[in-house]
Every structure is written in C-alpha cells, then in structure tokens.
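Structure, as structure tokens:
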Amino acid sequence: MSAALRILIDADACPVKDEVYKVATRHKVPVVVVSNSPIRVPQGTLVTRKLVSDAFDAADDWIVANTDTGTVVITADILLADRCLKLGASVLAPNGKPFTTASIGGAIATRAIMADLRANGDVVGGPPPFSKQDRSRFLSSLDEMLVKLARRTR
C-alpha cells in the first residue's frame with residue numbers, strides 16, 4: 001500500500017504557488033504550503049498552511065519529516081530535493097524540471113562549484129529569469145507527475 005498522495009511546497013520563494021493550487025484542485029490532491037513567514041493561501045479544504053519557525057532550515061526539516069513515497073515536493077533547493085528523493089518523494093523545481101536520483105548528483109556538484117566561485121570573488125550569474133515557458137513547463141510536469149503517482153497509489 002502506497003502513501004497518500006499530497007503536495008508540499010517550499011513556499012517562501014516559490015513563484016508557482018497559484019499553479020500548484022490549480023493543478024492540485026483539478027486532481028483533488030491536498031497541498032501544504034510550508035513557510036517561515038505568513039503566506040496567504042486560498043480558502044478551501046485542499047490547501048493548508050504550515051508556518052514553521054525562522055530557524056535555519058526549519059521549513060526544509062518539516063518538509064523532510066513529512067515526506068514519503070506519496071509526496072510531491074515543490075522546491076528550488078537542491079539540498080532539500082536530495083533529502084526528499086532519498087525518502088522516495090517526487091521532486092519538482094519551479095521551472096518544471098524534475099529532480100531525479102539520476103540528476104541530483106550533478107546538481108549538487110554544480111551548486112558546490114558555483115558556491116566556491118562566489119566565495120573566491122568570481123563574478124558568476126544567477127539562474128535565468130523565470131519565464132512563461134518555465135511556468136508552462138511546470139504546469140505540464142506537475143500534472144504528469146500527479147497522474148503517474150495516482151496510478152501507483154491505486
């Protein structure tokens with residue numbers, strides 16, 4: 001028997017919360033919006049808010065503690081993605097690209113290289129600006145991920 005399907009959003013800097021609400025409503029999947037500061041969520045039974053302390057990694061730690069194989073985690077945080085993947089969760093970045101066990105090692109290595117470059121004073125650009133294509137890819141990827149998980153949990 002698989003775990004109940006749900007979505008956890010690492011919400012403090014998430015640009016696709018409204019998109020998550022739309023897709024989750026269509027699939028009737030509960031959503032928990034996890035943040036260090038109050039965030040407005042839509043009224044209804046499917047979306048709840050979890051306010052955690054402002055301690056370092058408090059939101060990440062709560063998400064990990066509440067993650068299992070039926071969970072879809074929405075985050076741009078590579079280290080949180082790695083922790084959730086190890087628990088069997090499905091993880092999706094806000095740009096619509098899934099984190100997988102095959103891709104997470106490379107993402108962690110790139111993150112470390114970029115951190116070293118910044119620490120040494122090298123000027124490195126950040127991620128590209130969030131685009132309409134990212135939003136569209138996210139909607140499609142989340143829908144596809146929920147359909148796949150729903151089949152698995154039946």
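Worth pointing out:
- Test: A76 is surrounded by 13 or more Cβ atoms within 10 Å (Cβ to Cβ) and either of a type in the set (A, V, I, L, M, F, W, C) or modelled with pLDDT under 95 (or both): yes
- Test: residue in the stretch 111-120 that is surrounded by 18 or more Cβ atoms within 10 Å (Cβ to Cβ) and not hydrophobic (A, V, I, L, M, F, W, C): no
- Set L92, L85: member being closer than 24 Å to Q133 by Cα and buried (at least 18 other Cβ atoms within 10 Å of the Cβ): L92
For (1) among the hydroxyl-bearing types (S, T, Y); (2) more than 22 Å from L85 (Cα to Cα); (3) within 16 Å of the chain's Cα centre (by Cα), each residue gets a yes or a no:
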| residue | (1), (2), (3) |
| --- | --- |
| A4 | no, no, no |
| P15 | no, no, yes |
| K22 | no, yes, yes |
| K28 | no, yes, no |
| N36 | no, yes, yes |
| F56 | no, no, no |
| A65 | no, no, yes |
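- Criterion: more than 15 Å from the chain's Cα centre (by Cα) and of a type in the set (G, A, S) - qualifying residue of A102, A89, A76, A93: A102
- The set of residues in the stretch 1-13 being in contact with a helix residue (DSSP H, G or I) (Cβ under 8 Å, 6 or more places away or on another chain) and surrounded by fewer than 19 Cβ atoms within 10 Å (Cβ to Cβ) consists of S2, A3, A4, D12.
- Checked against the criterion of being among the basic types (K, R), free of Cβ contacts under 8 Å to residues at least 24 places away in the same chain and touching a helix residue (DSSP H, G or I) at 6+ places or on another chain (Cβ under 7 Å), the stretch 84-104 has no qualifying residue.
- Some residue of the stretch 127-140 being part of a loop (DSSP other than H, G, I, E, B), modelled with pLDDT under 95, more than 11 Å from the chain's Cα centre (by Cα) and more than 20 Å from P15 (Cβ to Cβ): no
- Residue within the stretch 29-36 that is at pLDDT below 95, of a type outside the set (S, T, Y) and surrounded by fewer than 19 Cβ atoms within 10 Å (Cβ to Cβ) present: yes
The values are calculated or read from the model by the stated rules, or taken from the named source; none is laboratory data. As the structure is a prediction and not an experimental result, all values here were calculated from the model. As a convention, Cβ positions derive from the backbone with ideal geometry for all residues, glycine included, and neighbour counts pool all protein chains shown.
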